[in-house]
1. Which condition breaks for Pro163 when tested against (1) surrounded by fewer than 21 Cβ atoms within 10 Å (Cβ to Cβ); (2) touching a residue at least 60 places away in the same chain (Cβ under 8 Å); (3) under 26 Å from Glu53 (Cα atoms)?
2. I need every pair where a residue in the stretch 33-57 that is in contact (Cβ under 8 Å) with a residue 40 or more places away in the chain and open to solvent by less than 20 Å² (accessible area, probe 1.4 Å) has its Cβ under 7 Å from the Cβ of a residue that is charged (D, E, K, R) and not in a strand (DSSP E or B), sequence separation at least 6 or different chains.
3. In the stretch 152-167, what residues are under 20 Å from Val82 (Cβ atoms) and not in a loop (DSSP other than H, G, I, E, B)?
4. Kindly state which helices (runs of 4 or more DSSP H) lie completely within the stretch 41-151 and contain at least 3 residues that are over 16 Å from the mean Cα position of the chain (by Cα).
5. Can you spot a residue in the stretch 132-145 that is touching an Asp or Glu at 6+ places or on another chain (Cβ under 8 Å) and among the aromatic types (Phe, Trp, Tyr)?
6. Within the stretch 170-206, how many residues are among the hydroxyl-bearing types (Ser, Thr, Tyr) and assigned to a loop (DSSP other than H, G, I, E, B)?
7. State all residues of the stretch 226-245 that are open to solvent by 20 Å² or more (accessible area, probe 1.4 Å) and either over 23 Å from Val39 (Cβ atoms) or assigned to a helix (DSSP H, G or I) (or both); if no residue qualifies, say none.
8. Determine, yes or no, whether Val66 is open to solvent by 10 Å² or more (accessible area, probe 1.4 Å) and touching a residue at least 60 places away in the same chain (Cβ under 8 Å).
Amino acid sequence: MKPEANLTGLFVPLVTPFTDDLRLAPDALARLADEALSVGGARGLVALGTTAEAATLTTEEKRAVVRICSAACRAHGAPLIVGVGTNDTAAAITTLRDLAQSGDVAAALVPTPPYTRPGEAGTLAHFTALAEQGGLPLVVYDIPYRTGQALGISTLNALRHLPQVVGVKYATGAIDAAAMELLGSSTPDFAVLGGDDAVISPLLAAGARGGILASANVRTADFAELISLWRRDATGPARRLGTELARLSAALFAEPNPTVIKGVLHAQGRIPSPAVRLPLLAASADSVRRAADLSATRTHQAHQGTAA
């Protein structure tokens, strides 16, 4: 029997706020975590994802980020997912075991091994080892444009039957026959979560259980509402809100993630600086301005007719 992870609804992969001199800003992170859960209506949080700039955090900074997000999730009774992104299977097992010992992590978000491109058989062997030895439920992160490797439906089906694999963050850039087959064969113990922000609405319409959405650092409550609308079959309001949020997501991803998101959060006074660490560069003022304008859009018209 698989572990109970309850991966339904909105999970926000939080940015990691920095000061102007690129130090971790823990108080700002704690506020973002609390706001997402208490005001935004998120089901849970993701720490150390791509949006968190995990690749440029030190080991101690990573521990601090997990500690802060864990505290927020405990306070709100919410699940925490932690990103474990590596192409070293042995190192990933060690990280998973360390996270499992804390008792605060509901699941690990693990991408197909990037850069190495081990093939689908190697990928299955990688996740089998993590499932057998890591001690944590796993969410497979299928994102070919970052990993350089696509997964076929047969491999995804094999992965979903591993005892510790409880879901997939599906971010292939397409809603195609493979996506429909995956969604059509969904089971209660395996969650398909959308990961392409701009197309989350049609993926939800097709049966995704929720989403891990970087854009939800901004207008969190609206993304939570979008998921709720589709789950209630309120198709008219869901389509209108989905179209609006797709425009926002396009603006937030106009430059590399999370540079525009951080620019908007700073403009809103929610983080102390828009700073990102190299090799990322801060987003341009024009990109931030366009996204900030869309971030401020009211959505009450999109919600009209929900009760009809």
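The values are calculated or read from the model by the stated rules, or taken from the named source; none is laboratory data. Since this is a predicted model, take the numbers as computed values, not measurements. Heads up, the Cβs are rebuilt from the backbone with ideal geometry, glycines too, and the neighbour counts pull from every protein chain shown. Surface areas here come from the heavy atoms of the whole protein model, side chains and all, with no ligands, DNA or RNA. Shrake-Rupley method; radii C 1.70, N 1.55, O 1.52, S 1.80 Å.
1. (3)
2. These pairs meet every condition: Glu53/Arg277.
3. Kept after step one, since they are under 20 Å from Val82 (Cβ atoms), are these residues of the stretch 152-167: 159, 162-167.
Selection gives Leu159, Val165, Val166, Gly167.
4. Working: elements: 59-76, 89-102, 119-133, 144-147.
In the stretch 41-151, the matching helices (runs of 4 or more DSSP H) lie at 59-76, 89-102, 119-133.
5. First pass over the stretch 132-145, keeping only residues touching an Asp or Glu at 6+ places or on another chain (Cβ under 8 Å): none.
No; the residues of the stretch 132-145 include none that is touching an Asp or Glu at 6+ places or on another chain (Cβ under 8 Å) and among the aromatic types (Phe, Trp, Tyr).
6. So in the stretch 170-206, the residues among the hydroxyl-bearing types (Ser, Thr, Tyr) come out as 170, 172, 185-187, 201.
Of the ones still in play, those that are also assigned to a loop (DSSP other than H, G, I, E, B) are 172, 185-186.
The qualifying residues number 3.
7. Step one: of the stretch 226-245, the residues open to solvent by 20 Å² or more (accessible area, probe 1.4 Å) are 228, 230-233, 235-236, 239-240, 243-244.
Within the stretch 226-245, Ser228, Trp230, Arg231, Asp233, Thr235, Gly236, Arg239, Arg240, Thr243, Glu244 qualify.
8. Numbers: open to solvent by 10 Å² or more (accessible area, probe 1.4 Å): yes; touching a residue at least 60 places away in the same chain (Cβ under 8 Å): no.
Judged against the criteria, Val66 is not a match.
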